[in-house]
Structures are given as C-alpha cells and as structure tokens.
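The structure under discussion appears below in the form of structure tokens.
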Amino acid sequence: MRAGLLTLIFSLITLVCGFAQDAPLSKKAKDNFEKAQKAWQARQVGEAITYFEKVLDSDPGHYETNLRLAQIYELQKNIDLARKHFTKVTVIKPDAPQSAPAYQWLGRYHFEAARYDSALIYYQKSLGLLPPKSSLFRHAEKAVASSKFAMEALKNPVSISKKSMGDTVNFLETQYFPVLTADNETLIFTGLTPARDENIYITHRQKNERGTDHSAADRWDVPEEISASINTSNNEGTCSVSADGRTLVFTACNRQDGYGSCDLYITHKEGKTWSAPVNLGEPVNSRDWESQPSLSADGRMLYFASDRKGGQGKRDIWVSNLDSKKQWSSPKNLGPSINTPDEENAPFIHANGRTLFYASTGFPGMGGFDIFISQRTDTTWAAPKNLGYPINTVADQVGMFIASDGSRAYYTDDSKGRSLLYAFDLPQAVKELFVPTHYAKGRVFDKITGKPLQSDIDLFDLKTGSKVAEFTSDGTNGSFLAVLNHGSEYAFYVSKEGYLFKSLSFSVNDSASSVNLDIPLEAIEKDRAEILNNIFFETGAYRLDEKSRVELDKMIDFLKKNPGIRIEVSGHTDDVGSDKVNLDLSQKRAQSVLEYLEKSGVATARLTAKGYGKTKPVAPNDSDLNRQKNRRIEWRIL
C-alpha cells in the first residue's frame, strides 16, 4: 500500500514540477540546479543531492528543488529529511495543486505514527488540490475516512488484553497464521526457520492446564514439525485444519507439480499419520497465486486468497465447495461487499460456517491490514465491520482465528519487530457480532469387541429436516468430532456395513460447550436391538410428528441396503396411566411407524409391530428424565 502510494506521488511530482512557477534563480543557483537535474536523470543520486542542496543554500524557498529533495530522501528512506522538504513545499505554496503530493506524504507520515488528527488535516488539504477522478484523490478520500475512523476508535477502544502466546510457542523469529481444532486442544501454525525454510508446526494444550484462567490455559507443549510427509526442504506456508483436525490444507510455492506461483495442497490424517499431500489442482488452483486457505468446520467449503482473474481488484477472497462426488467446484469470488480494488487476504471462516474474518486494506481502518468481520445470510455477505482498536493498530494485523466457542482469539502481530502469535479473551462487543458453536466428540466402536470402527456419520437439523454435516470416524481409533450450532436440535446417525445403524438425539444450549458421545455399534445378528431416538409424538398421541421423517427415512434406507432382514418395531411407555391405556398407546405408536415404512415400499412381510406398554423399562420410573427414556420406539432383528 505504501509503495503504491509513493509511486503515485512521485509520478505526479515528476509531471507537475515543470508547471511549478518558481521565482527566477540566481545564475549560480540556476547552474547548480541544471547540474542537479542532469545528475538525477543519470541516476547519480549523491551528486544530485549535493547540487540541489547548493541551490537551497542561496535560494532556500525554491519550490521544485524542495520537491526533488523530498523525493530523493524518501527513496533513500531518510524520513526526517523527506519530511523537512515536504513540509517546506507546503509552506512555500500551500494552495498550489502541485503541493498535493506533499500533503499526501505528510498525511501518511503522521498516520503511520498514529497521529490521526494531524494526518486528517494533511489529507483533507490534499483533497482540495487533487483532480477528483485521480488515483491520488481516491486514496486521499479513503485516508480521510481512515483518519476519522481511527480517531474515534482510539476514543472508544475495545476492551482486550493481548498477550504473547509465550516463548514456547513463539520459538522462532517469525511464526504466523495460527489455527486450532474445534475442541481447542491442538494448535497448528506456520513458522520460518533461521535458514528461511517455511514449515508447519503443531502443538497440544497441556492436559493439566485447563479452566477459565486463560493465562494457564494457554500453556502448550513444545511445538514439533507436523509431519515429515508434509514439511520438505521447500516452503510450506499458511494452512487450515478441519474442526476434527483430520484434514489439512496448506500453501506451497514453486513446486514441480504446481499450477501457478503458489498452490493449495491437501492431506488427511488417519490415526497419527498424515497422508502424502496432493495438489488440489484445477479448478481451485490456477496459473496465478492461491494461498491462505480456510476450511469450514466440516471440511466441505474452502475459502482462500488469490489474485486470479475475475476479482474485484488485487488479491481477493474466493470460495470453493466440495460436492457429493468429492470434487471441488470452480471458485467463486465473494463479491464487492467483501472484496475491494485493494488487498484482501487471510480469510478465516468460523466454525459456525456463517461468520468470516479477514484482513483488508480497502476499507477505513487503523492503517495497513485491518481485520474485519462479515456475516453470511443465505448467499449474501453483510457489509464488513472493522474489529476496532486495539485489535487493529497502525501495524498490519492478519491471520485472526476465533475459537469455536467464541471465547478466545488468536492472531499474528508484527508490531514489535517480530512476527509473533498472540491471544486474548474475546470482548463482549465482538462476541455479540456472531454466534459461537459447540461440538460433539467421541469414538465409534464394536459393542462386543471394543474394536474402533470407521463409520459414516450424518448430522441432521431436526427443525429443518436438513442434513448439516457428513463425515467419518477415524478408522484407526474410531474418533470423531462434529461442530454444533447453538439453539438447534440434532439427530446424529452412525452407520457401517454389517451393523445396525445408531441414532442419537440432543439439543445444544449454553450450559455445555461440548457433548461427549461414545457410540457402540451392534453387529447385524438375531435379537440385536436399537432405540429410534428421533421418533416424536405428541403427549398421549400416536400420530407421528413431522420431525420423525428424518429417522424413518434412515430406517428405510437401512432396510433397503439389507433386504434379507426382518424386524420388529416395538412401542414402550412410562408408568403414568393405566396398564391398558399404556399398552394400547404403545401398540398404536409402533403401528404408526410400521405403516410409514410400508407406505415407503418396505414389504409388510418384513415388519412386525408390537406394543409392550410399561412392561420393559430401561430406567426406573422415578424422574421425568427416566420416564422420558422409557417412552421410546425400538427395532429388533428377527
């Protein structure tokens, strides 16, 4: 951004100097000025400075000489002398259009020093002198807006306490782009070694340091290289991990199998072993630059930064979806509500799948890259909101990661001369901008042998009847992790060939951040039984509630895949009411399920319905919770 501004400034200086009508120079000064010009054109900078300074010895108010020296000293990064001469320019001819670049430079000088009130004065002055349709005018307009925003942000800071993640994590001179699994137990980040080799590192939260004391909770084990199959002698850059920590997408540049300068690669973990990374290929990767990936929690949506054609400006944020055939779709630009003609990078899609954090230079902010937040409703992204000061400062802020439960933020900050990982408790003002998530975590195993099972897991939202996620448990240890959105009722289905499918039902509220689900599966054998946990009736009634369709359709799918199986559908009640009423109700409820299966094409000969009333409780009828367990529909292999 700064380099682009300077190019514009100096281009305009070069054009306007010939039109700045200075008072005639003395003969000696004129001779020195001509020599300085020739030296400058010949790229003999030192000699040019000498002659320009001699001009000012006799004519200190010479306008063009001060402009030239300001330009030269800025190129040499001699900020003090550049400021001296740009200031003289504005004093000599404060209202000349040719002075606009000097006001621009001085505005930037004060902005970078966080003197936003002074910056505003200089930028506003330049606006009145610049051509309205010029690039410098557009820059000045944005700079005025940023100065005003920054002044207000300083007056109304967000309450945070940023802390370095410590020397254990920040063990290199440069580390950046932290990402965590949904359970907040595993941290992955990119680091640059002293040999200038970019690698991916992994560390785990120390098991004995948990709780609400985040100064203790942010103690981590010594980071290790993530895997010899991922890190190579080449650079492995910014990465993203799925919520369960089993899918990793990362950036690698200038490889033999690459499509462009930098490409995105994917690898999967089984047990503790990562597979050999594979280039995601077209259409995700192109001949251009693709980097800074962010995977959705379920690993089915991939956001990334790219300068490919078809964007809004320089580098933009794009997204690709994994379809039912496991193919990545052609990436779509997130559009002008997210992307600008300037730079956007470092997208992070929160575990809720609807909240995007990313860095941009294209909106009013504190300077450099600021971090913004936007919410997606259906396919529309809301106008981004700056996260404010001191989350954002005059330095570049990139790589923000928000824990799935919304409690903690992790990001990169290079304001102290090193690129370090920081963390802070998310302030209430930011928490209110998005919905946190919860997660279900556990393992799937054979009920008899205890052997871990790789199983298909489907997650349905019972309120909408729609599938919200599908994934598999780890074949080595049976583990899984699924992200759950607050306020939803979920049906959880686990299926594996040769086993009865398992259904679970639960709702998510603020009382617990996670649900632990160890899931034993029963092999398909005579008299094996399972409870249908997502069959719903009104109290005392036997008509199926609409929410039951998801479960019943799963039952139908199971029976179609196992055509030789006959089952009994049984109804059960608690002990409230008479024996006769309970027996009759349980029979009618079982019959309702049977009739639904019959209407969906399951042969009647394969189905039996039987009501048992209150005669087979699974828990004592001594509480509302236990009575709820006893009111159930089961199915059993005949």
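The values are calculated or read from the model by the stated rules, or taken from the named source; none is laboratory data. Just so it is clear, the model here is predicted, and its values are computed rather than measured. Here the Cβ is made from the backbone with ideal geometry for all residues, glycine too, and neighbour counts use every protein chain on show.
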Starting from region 407-420, take each residue that is over 18 Å from Ser159 (Cβ atoms) and list its partners that are exposed (fewer than 15 other Cβ atoms within 10 Å of the Cβ), counting only C-beta distances under 7 angstrom and pairs at least six apart or across chains.
Arg418/Glu173
Would you confirm whether any residue within region 394-410 is surrounded by fewer than 20 Cβ atoms within 10 Å (Cβ to Cβ), among the hydroxyl-bearing types (Ser, Thr, Tyr) and more than 22 Å from Ser291 (Cβ to Cβ)?
yes
Given region 93-204, what strands (runs of 3 or more DSSP E) lie entirely inside it while holding 1 or more residues that are at positive phi?
174-180
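Would you confirm whether or not region 44-55 contains a residue that is closer than 23 Å to His139 by Cβ and of a type in the set (S, T, N, Q)? Give the derivation first.
First pass over region 44-55, keeping only residues closer than 23 Å to His139 by Cβ: none.
Within region 44-55, not a single residue is closer than 23 Å to His139 by Cβ and of a type in the set (S, T, N, Q).
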Examine region 82-102 for a residue that is under 25 Å from Thr361 (Cα atoms) and polar (S, T, N, Q), and state whether such a residue exists.
no
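Would it be correct to say that Ala243 is of a type in the set (Gly, Ala, Ser), in contact (Cβ under 8 Å) with a residue 60 or more places away in the chain and either part of a loop (DSSP other than H, G, I, E, B) or in contact with an Asp or Glu (Cβ under 6 Å, 6 or more places away or on another chain) (or both)?
Details: of a type in the set (Gly, Ala, Ser): yes; in contact (Cβ under 8 Å) with a residue 60 or more places away in the chain: yes; either part of a loop (DSSP other than H, G, I, E, B) or in contact with an Asp or Glu (Cβ under 6 Å, 6 or more places away or on another chain) (or both): yes.
Considered against the rule, which asks whether it is of a type in the set (Gly, Ala, Ser), in contact (Cβ under 8 Å) with a residue 60 or more places away in the chain and either part of a loop (DSSP other than H, G, I, E, B) or in contact with an Asp or Glu (Cβ under 6 Å, 6 or more places away or on another chain) (or both), Ala243 comes out as yes.
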When both residues are 6+ apart or on different chains and their Cβ atoms are under 7 Å apart, which pairs have a first residue that lies in region 267-291 and is without any contact (Cβ under 8 Å) to a residue 40 or more places away in the chain, and a second that is assigned to a strand (DSSP E or B) and of a type in the set (Asp, Glu)?
Asn279/Asp263; Asn285/Asp263; Glu290/Asp263
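For region 372-383, which residues satisfy the criterion of being touching a residue at least 24 places away in the same chain (Cβ under 8 Å) and within 23 Å of His486 (Cβ to Cβ)? Show your work before the answer.
To start, the set of residues in region 372-383 that are touching a residue at least 24 places away in the same chain (Cβ under 8 Å) comprises 373-375, 380-383.
Hits for region 372-383 are Ile373, Ser374, Gln375, Thr380, Trp381, Ala382.
Suppose we filter region 147-170 for residues that are out of contact with any Phe, Trp or Tyr (no Cβ under 7 Å at 6 or more places or on another chain) and more than 24 Å from Ala409 (Cα to Cα); how many remain? Don't jump to the end; show me each part of the working.
Step one: list which residues in region 147-170 are out of contact with any Phe, Trp or Tyr (no Cβ under 7 Å at 6 or more places or on another chain), which gives 148-149, 152, 155-156, 159, 166-167, 170.
Filter once more, keeping what is more than 24 Å from Ala409 (Cα to Cα): 148.
Residues meeting the conditions: 1.
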Please work out which one of (1) assigned to a strand (DSSP E or B); (2) under 19 Å from the mean Cα position of the chain (by Cα); (3) of a type in the set (A, V, I, L, M, F, W, C) is the condition Ala383 fails and give its number.
(1)
Check whether at least one residue in region 579-596 is exposed (fewer than 15 other Cβ atoms within 10 Å of the Cβ), part of a helix (DSSP H, G or I), free of Cβ contacts under 8 Å to residues at least 24 places away in the same chain and in contact with a Ser or Thr (Cβ under 9 Å, 6 or more places away or on another chain), and report yes or no.
yes
Whichever residue in region 440-462 is modelled with pLDDT under 90 and out of contact with any helix residue (DSSP H, G or I) (no Cβ under 8 Å at 6 or more places or on another chain) and, among such residues, is surrounded by the most Cβ atoms within 10 Å (Cβ to Cβ):
Ala440
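Select from region 608-638 the residues that are aliphatic (A, V, I, L, M) and assigned to a strand (DSSP E or B) and list them in ascending order. Show your work before the answer.
First pass over region 608-638, keeping only residues aliphatic (A, V, I, L, M): 609, 618-619, 625, 633, 637-638.
Ala609, Ile633, Ile637, listed by residue number.
Take Ala605 and decide whether it is outside the structural domain of Phe492 (by TED's automatic domain parsing), assigned to a helix (DSSP H, G or I), touching a Lys or Arg at 6+ places or on another chain (Cβ under 9 Å) and surrounded by fewer than 18 Cβ atoms within 10 Å (Cβ to Cβ). Give the derivation first.
On the way: outside the structural domain of Phe492 (by TED's automatic domain parsing): yes; assigned to a helix (DSSP H, G or I): yes; touching a Lys or Arg at 6+ places or on another chain (Cβ under 9 Å): yes; surrounded by fewer than 18 Cβ atoms within 10 Å (Cβ to Cβ): yes.
It is true that Ala605 is outside the structural domain of Phe492 (by TED's automatic domain parsing), assigned to a helix (DSSP H, G or I), touching a Lys or Arg at 6+ places or on another chain (Cβ under 9 Å) and surrounded by fewer than 18 Cβ atoms within 10 Å (Cβ to Cβ).
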Would you check if there is a residue in region 218-225 being at pLDDT below 95, within 28 Å of the chain's Cα centre (by Cα), buried (at least 19 other Cβ atoms within 10 Å of the Cβ) and over 30 Å from Cys253 (Cβ atoms)?
yes
Looking only at residues in region 1-57 that are among the hydroxyl-bearing types (Ser, Thr, Tyr) and modelled with pLDDT of 90 or more, which one is surrounded by the most Cβ atoms within 10 Å (Cβ to Cβ)?
Tyr51
Take region 129-157 and flag every residue that is of a type in the set (Ser, Thr, Tyr) and within 14 Å of Pro97 (Cβ to Cβ).
Ser134
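Determine whether Lys526 is assigned to a helix (DSSP H, G or I), over 35 Å from the mean Cα position of the chain (by Cα) and over 22 Å from Ala440 (Cβ atoms). Spell out how you get there, then give the answer.
Numbers: assigned to a helix (DSSP H, G or I): no; over 35 Å from the mean Cα position of the chain (by Cα): yes; over 22 Å from Ala440 (Cβ atoms): yes.
Considered against the rule, which asks whether it is assigned to a helix (DSSP H, G or I), over 35 Å from the mean Cα position of the chain (by Cα) and over 22 Å from Ala440 (Cβ atoms), Lys526 comes out as no.
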(1) in contact with a strand residue (DSSP E or B) (Cβ under 7 Å, 6 or more places away or on another chain); (2) hydroxyl-bearing (Ser, Thr, Tyr); (3) part of a helix (DSSP H, G or I): which one isn't true of Ser570, the others all being true?
(3)
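What residue, of Val394, Val398, is touching a strand residue (DSSP E or B) at 6+ places or on another chain (Cβ under 7 Å), in contact (Cβ under 8 Å) with a residue 24 or more places away in the chain and among the hydrophobic types (A, V, I, L, M, F, W, C)?
On the way: Val394 fails: touching a strand residue (DSSP E or B) at 6+ places or on another chain (Cβ under 7 Å).
When all the criteria are applied, what remains is Val398.
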Residue check for Lys561: of a type in the set (D, E, K, R), surrounded by fewer than 20 Cβ atoms within 10 Å (Cβ to Cβ) and either more than 19 Å from Ile535 (Cα to Cα) or assigned by TED's automatic domain parsing to the domain that holds Glu497 (or both):
yes
Residue count, region 147-186 (criterion: touching a Leu at 6+ places or on another chain (Cβ under 8 Å), in contact (Cβ under 8 Å) with a residue 60 or more places away in the chain and within 21 Å of Ala351 (Cα to Cα)):
7
Would you point out which residue out of Ser473, Ser513, Ser488 is within 35 Å of the chain's Cα centre (by Cα), at pLDDT 90 or above and among the small types (Gly, Ala, Ser)?
Ser473
